[in-house]
Amino acid sequence: MTIFRFEIKKLWLSTLFWSVGLVSGLLLYMAFFPTMAADPSFMEAVLEDFPQEFLNFFGLSSDLPFSSILGYYALTMGFIMGAIAIHAAYLGLSILSVEERELTADFLMTRPISRKQIFIQKTLAILVHLGIIYLVINISSIVITTAFRSSQSIDYNALLLFTSSLILFQLFFASIGLAISVLLPKFDNVIAYSLAIGFGLFIVSGMGDMLSIDGIRYVTAYGYFDPNTVLVNGISLPFLVLDILWITIMLSISYKLYLSRNIHTV
């Protein structure tokens with residue numbers, strides 16, 4: 001498991017920075033809630049001035065009022081999930097392609113280890129780093145919403161159900177990143193591709209909600225695990241199955257193509 005340990009150590013600082021950034025973003029947004037909750041009628045009046053299409057784009061729902069702690073949390077997580085998606089896509093894009101970008105493929109390919117073992121160990125390393133982010137968001141969500149609930153009650157069962165879905169959300173984008181990294185020829189700008197996947201699918205999902213095109217929800221995990229929907233109605237079984245199916249397909253494609261891929265060397 002040498003490669004596994006190497007990738008864990010190599011990415012730990014990046015994961016630390018992402019963890020701090022995500023928690024800071026969540027904390028910054030949620031810190032405004034007590035002020036807004038002090039005059040909920042004002043916020044509701046402000047939102048009434050926006051067209052319904054705008055509210056749909058950002059996932060605001062009458063089923064979960066913006067003036068409630070979970071409603072405000074849902075809006076906040078709508079943005080935080082974009083960053084989570086970018087991080088997951090970055091891991092998927094970078095971990096298999098790093099040897100080609102850094103011109104170390106010759107060294108790796110001459111080691112007494114098969115491509116199958118390389119793929120498995122690198123994928124396991126991704127899971128560890130995704131798991132760290134997942135735990136950080138779970139714990140910080142509970143602590144921060146409790147700290148800023150402003151005497152409101154919190155449905156912790158609904159909150160935990162939503163946060164538990166984030167690991168599948170992460171795996172969706174990580175698996176897309178893996179597939180793209182073996183489908184495309186050598187590429188250098190991993191950040192650009194990560195932003196395109198994470199932010200691009202966020203826009204697609206938002207446009208689908210804004211234009212009331214239900215079919216778009218089947219394209220991206222933003223629709224599968226929409227915070228408002230999960231916090232109110234729970235996780236949709238069809239979307240859960242579809243997410244797992246997408247992950248399985250992307251991982252299978254990545255695995256098969258990596259075994260036969262013509263890896264660029266020096």
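Just so you know, all these numbers are worked out from the coordinates, no wet-lab data involved. The structure displayed is predicted, hence computed values, not measured ones. Note: ideal-geometry Cβ built from the backbone for every residue, glycine included; neighbour counts use all protein chains shown.
Using Cα positions and a limit of under 17 Å, work out the lysines in reach of residue 116, with same-chain residues fewer than 8 apart set aside.
Within reach: 256.
I want to check the label-to-label distance for residue 2 and residue 39. Put each point 7 Å from Cα in the C-beta direction and report it in nm to one decimal.
Taking the two extended label points, one gets 6.6 nm.
Run the quick spin-label model on residue 160 and residue 256: label points 7 Å from Cα toward the beta carbon, then report their separation in nm to one decimal.
Simple spin-label model gives 4.0 nm for this pair.
Cα to Cα, under 16 Å, and not fewer than 8 places away if on the same chain: which lysines meet these conditions relative to residue 10?
By straight Cα distance, residue 10 reaches 122.
So how far apart, in nm, are the two label points at residue 153 and residue 115 if each is 7 Å from Cα heading toward Cβ?
Placing both labels 7 Å beyond Cα along the Cβ direction yields 5.8 nm.
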